[in-house]
Amino acid sequence: MNRKKYVLGNLKMNLTQQSLRNLLEGVSSYIQNSPPPSSWQVGMAPVAIHLPLALPFQSSNFQLLAQNCAAYEKGAYTGEVSTEQLADLGVSGTIVGHSERREYFHENDIIIREKIKLALGNKLKVVYCCGENLAERKISIHEEVVGLQIRTAFSELTADHLENIIIAYEPVWAIGTGETATPQQAQEMHHFIRNTVADLFGKQVAQQIAILYGGSVKPDNAAELFAQPDVDGALVGGAALKSDSFNAIIQATH
Ligand code: PEP
């Protein structure tokens, strides 16, 4: 099994040009000096207006992602950035469906499905985020919730499309809260997600797809999460804002 694995940073609406430059310099020199194992890739998603500044740092083992993209192709959608424009700029891919987009901007998996199709159509990689909230976890419907998210968002895709999709399982109760899913909870959900993908697209696709965990990943819990058989890396928020902590998470790939 030669699945790709990833450590990706989601910088959200943080940093200035100078602090982003410092972060990118810190991370890229770290990767140059101590590259992660060859199956691993590192990437970062700065705010959209910072992508041009970050482009020179992009390399074969450091990818740039957008945090979001429009659900429409082009035209009169003030404030939006299209997948064609992201591809034209030269970024590798885009995150879609982050829980903050779902919660604060009312995105659902029907809207996210449009974004996925447009991104793939423009040859961008997609990091698709899914995950249950605390109330859903408490009444033990997390599998139903995440299963439905994936079945809806992926309903118009074929097995070929899945080659360019990375799934990030991010339980909402663990994002930015300091509370991490235990490695066992993460493994259980990743296994369930892989089975859902197998059900939809076949076993081979399910074995190949990278499923990242997100939710308060830190230097001190990354290695244990990465050791789980179905955890193929992490989408990191808060700990990606400083090169010391992000590099320590990259170090946990060894
Ligand atoms: C995220 O925003 O995707 C995330 C996982 O954030 P944090 O690591 O801060 O919980």
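The values are calculated or read from the model by the stated rules, or taken from the named source; none is laboratory data. All figures in this text were calculated on a predicted structure; none of them were measured in a lab. Reconstructed Cβ throughout: ideal geometry from the backbone, glycine too, with neighbour counts over all protein chains shown. To get the accessible areas, we keep the full protein, side chains included, count just its heavy atoms, and leave off ligands, DNA and RNA. Shrake-Rupley method; radii C 1.70, N 1.55, O 1.52, S 1.80 Å.
Summarised as an ellipsoid, segment 154-212 has semi-axes of 24, 12, 9 Å, derived from the eigenvalues of the Cα gyration tensor scaled by 5 and square-rooted, with the largest first. Where a Cα-Cα gap under 16 Å defines reach, which aspartates and glutamates qualify for LYS74, not counting those fewer than 8 residues away within the same chain? Filter leaves GLU84, ASP88, GLU114. Taking every DSSP beta bridge that has both ends in the chain, the antiparallel portion is near 5%. Along the chain, counting only chymotrypsin sites (Phe, Trp or Tyr not before Pro) with a DSSP assignment other than H, G, I, E or B and at most 16 other Cβ atoms inside a 10 Å radius, the longest segment between sites is 106-254. Each 5 Å bin from zero up to the one holding the largest Cα-Cα distance in segment 14-110 carries the following percent of pairs: 2, 11, 21, 20, 19, 14, 8, 3, 1, 0. Excluding same-chain neighbours fewer than eight residues apart, the lysines reachable from LYS4 by a Cα-Cα span under 28 Å are LYS12, LYS115, LYS117, LYS123, LYS125, LYS203, LYS218, LYS242.
Surface composition of the chain: carbon plus sulfur atoms contribute 51% of the solvent-accessible area (1.4 Å probe, protein chains only, all chains present). By the compact-protein rule of thumb, 2.2 N^0.38 Å, the alpha-carbon radius of gyration of the chain corresponds to a ratio of 0.93.
Can you give the calculated 222 nm mean residue ellipticity of the chain, where each DSSP H run of n ≥ 4 adds -39,500 (n - 2.57) and the sum is split over every residue, rounded to the nearest 500 deg cm²/dmol? After summing the helix terms and dividing by residue count, I get -12000 deg cm²/dmol. Under 12 Å of direct C-alpha separation, and excluding same-chain neighbours fewer than eight residues apart, LYS5 reaches these aspartates and glutamates: ASP230, ASP232.
What residues have an amide H closer than 5 Å to that of VAL127, excluding those fewer than 5 places away on the same chain, when H is modeled at 1.01 Å from N in the peptide plane? Here the answer is THR94, ILE95, VAL96, ILE166, since their amide H atoms fall under 5 Å of that of VAL127.
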